[in-house]
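Asks: Mind having a look at this structure? Questions to follow.
Just so it is clear, none of the values below were taken in a lab; they were calculated from the coordinates. Quick caveat, the model's predicted, so the values are computed rather than measured. When we count neighbours, we look across all protein chains shown, and the Cβ atoms used for this are built from the backbone with ideal geometry, even at glycine.
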Amino acid sequence: MTIEHGLRVPMVGTPQDTGAYARQVEADGFDFMWVPDTPLLAGLWRDVYMHLTCAALETSKIRLGPGVTNPITRHPVAVGSAIVTLDEVSDGRAEVPYGTGYSSAYIIGRKAATLKLMREAAALWRSIFTGERTQLGGLEIELDPPRAHIPIIMAASGPKALQTAGEVADGVLIMVGAHPGCVEWALENVNAGIAKAGRSASDVKKTLVITACVDDDRQRAIDTMRPCVGNLCRHRFVGELFDRAGLTPPPVPDNIPQPYPDLGHAIDWEEAKRATAWIPDDVVAAMNALGSGAEVAERVQALSALDIDAIWWRDHGTWTHPEALRQGLVNAVFPRL
């Protein structure tokens, strides 16, 4: 089976800059490009759909979407409207990856979405996209013409979320690290949800998030990617997850410094590295794809043997384009696959 590859591209510069970068990503042969959606994160990010529109206008094949949106900072109806419009401007290339909105919600003082709300959002979007009569609360609508091909992709990490995605979404974005044992654990939960809903395994596209660093200096790569494991280590299910990877969860210190605006999006990455110095090298190496092009390709080959359909690549950066990763994948990893 051929694995598709996508790239996470943060909003850097103007929407026109994102459009120009999307043109390069498409020329590299990537299948999709998703742009993060946390409005005004640290006062620096802007509106994702304006950036995606410029990306659509500069490309012709690559699929586009927010990576990921949520039903908290934008009402699901507003998300649906934006996605339909993106699908129109891109000639049918829009996707709607969505999650609970943790990083988006906390900056406006809200909690992340519940799984109940995640189910409701998926049901609303499917109703809208397929052209069914849809109750919006005060008015019924029918999308004309329908856009039934737009996939609804739910991001998930924990067992309940993974099972929910298997029940209700067209695709699941698996966020459990890059160790094959962890991915197998996630797929078991997705398949449990698929079975509960009476669906076929082929009904749900499985996309794996891989945080990666292509660098011949393996220790430097480990040091760079250490903060990317920080939030994963604090999940309630980390013991069960790490057990499948043959890892022991490191004790989480009290009062961990919190870089601005948060650990995963730290403006000062050196500060983030200091804040996660307690995470052992073997955990960092197991949960990311890192090292030389040959080492990263070997990890991809191991993961490709599992029941996954696509990989969404992301580096550690939030405030720059993933240029080192893009070049590393294109020049040193993909030729080995």
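Asks: Taking 7 Å along the Cα-to-C-beta vector as the label spot, tell me the residue 40-residue 110 distance in nanometres, rounded to one decimal.
Replies: 1.4
Asks: Which FRET efficiency value, to the nearest 0.05, do you get for residue 123 and residue 201 by plugging their Cβ-Cβ distance into 1/(1 + (r/R0)^6) with R0 = 30 Å?
Replies: So, using R0 = 30 Å, E works out to roughly 0.90.
Asks: Work out, step by step, the length gained on full extension between residue 240 and residue 28: first 0.36 nm times the residue separation, then minus their alpha carbon distance; give nm to one decimal.
Replies: That works out to 72.6 nm of additional length.
Asks: Work out the length of the dipole vector of segment 4-336 about its Cα centre, built from +1 on the beta-carbon of each Lys and Arg and -1 on the beta-carbon of each Asp and Glu, and round it to the nearest 20 debye.
Replies: 660
Asks: Does anything in segment 134-153 have its amide N under 13 Å from the 7 Å Cα→Cβ label point of residue 309, and if so which residues?
Replies: 149-153
Asks: Additional query: Over segment 134-241, what is the percentage of antiparallel beta bridges among all DSSP beta bridges, to the nearest 5?
Replies: Here the antiparallel bridges make up roughly 20 percent for segment 134-241.
Asks: Tilt of helix 15-27 relative to the longest C-alpha principal axis of the chain, in degrees (0 to 90, nearest 10)?
Replies: The angle comes out near 70 degrees.
Asks: In the neighborhood of residue 17, defined by Cβ-to-Cβ distances under 13 Å, what is the net charge if each Lys or Arg adds +1 and each Asp or Glu adds -1?
Replies: Around residue 17, the charge tally is 0.
Asks: Oh, and also: Which value, in debye to the nearest 20, describes the size of the charge dipole of segment 52-112 about its Cα centre when Lys and Arg Cβ atoms bear +1, Asp and Glu Cβ atoms bear -1, and nothing else is charged? The partial results should precede the final answer.
Replies: On the way: 6 positive and 5 negative charges, 65 e Å.
Here the size comes out at about 320 debye.
Asks: Based on Cβ point charges of +1 for Lys and Arg and -1 for Asp and Glu, what charge dipole magnitude is obtained for segment 186-289 about its Cα centre, in debye rounded to the nearest 20?
Replies: On the way: 12 positive and 15 negative charges, 111 e Å.
Dipole about the Cα centre, nearest 20: 540 debye.
Asks: Show me the ranking of peptides 301-313, 126-138, 29-41 by mean Cβ neighbours inside 10 Å, starting with the highest.
Replies: Packing proxy ranking, top to bottom: 29-41, 301-313, 126-138.
Asks: Give the separation of the Cα centroids, segment 97-168 to segment 1-67, in Å.
Replies: Answer, in whole Å: 21.
Asks: Sketch the reach of a paramagnetic label on residue 331 as a point 7 Å from Cα along Cα-to-Cβ, and name the residues of segment 279-305 whose backbone nitrogen lies under 17 Å away.
Replies: Backbone N within reach: 291-297.
Asks: Taking a threshold of 27 Å on the Cα-Cα distance, which of the pairs 61/273; 116/205; 116/206; 160/205 fall above it?
Replies: With Cα atoms farther than 27 Å apart: 61/273.
Asks: If you add up the charges near residue 260, with Lys and Arg at +1 and Asp and Glu at -1, over every other residue whose beta carbon is less than 14 angstrom from its beta carbon, what do you get?
Replies: Its environment carries a net charge of -3.
Asks: So what is the 222 nm mean residue ellipticity for the chain from helices alone, if each DSSP H run of at least 4 adds -39500 (n - 2.57) and you divide by all residues, rounding to the nearest 500 deg cm²/dmol?
Replies: Helices in the chain give a 222 nm mean residue ellipticity of -11500 deg cm²/dmol.
Asks: While we're on this one: Determine the sum of side-chain charges near residue 72: Lys and Arg each +1, Asp and Glu each -1, restricted to other residues whose C-beta is under 12 angstrom from that of residue 72. Each step should come with its number before you reach the end.
Replies: On the way: positive: 74, 110, 111; negative: 37.
Every neighbour counted, the sum reads +2.
Asks: Now a separate question. Given an 8 Å cut-off on Cα distances and at least 6 residues of separation, report the relative contact order of segment 4-336 as a percent.
Replies: Answer for segment 4-336 is 16 percent.
Asks: Of the beta bridges DSSP finds with both residues in the chain, what % are antiparallel, to the nearest 5?
Replies: If I count the DSSP bridges inside the chain, around 5 percent turn out antiparallel.
Asks: Roughly speaking, what is the stretch gain from residue 4 to residue 220, that is 0.36 nm per residue apart minus the C-alpha to C-alpha distance, in nm to one decimal? Could you put the intermediate results ahead of the total?
Replies: On the way: separation 216, 0.36 × 216 = 77.76 nm, distance 2.81 nm.
Length gained, residue 4 through residue 220: 75.0 nm.
Asks: Now a separate question. Rounded if a/c is under 1.5, else prolate if a/b is larger than b/c, else oblate: which is segment 219-270, with a ≥ b ≥ c the root eigenvalues of its Cα gyration tensor?
Replies: Because a/c hits 1.5 or more and a/b fails to exceed b/c, segment 219-270 counts as oblate.
Asks: Please name whichever of 109, 62, 165 sits farthest to the positive end of the charge dipole of segment 4-336, dipole taken about the Cα centre and charges placed at Cβ: Lys and Arg +1, Asp and Glu -1.
Replies: 109
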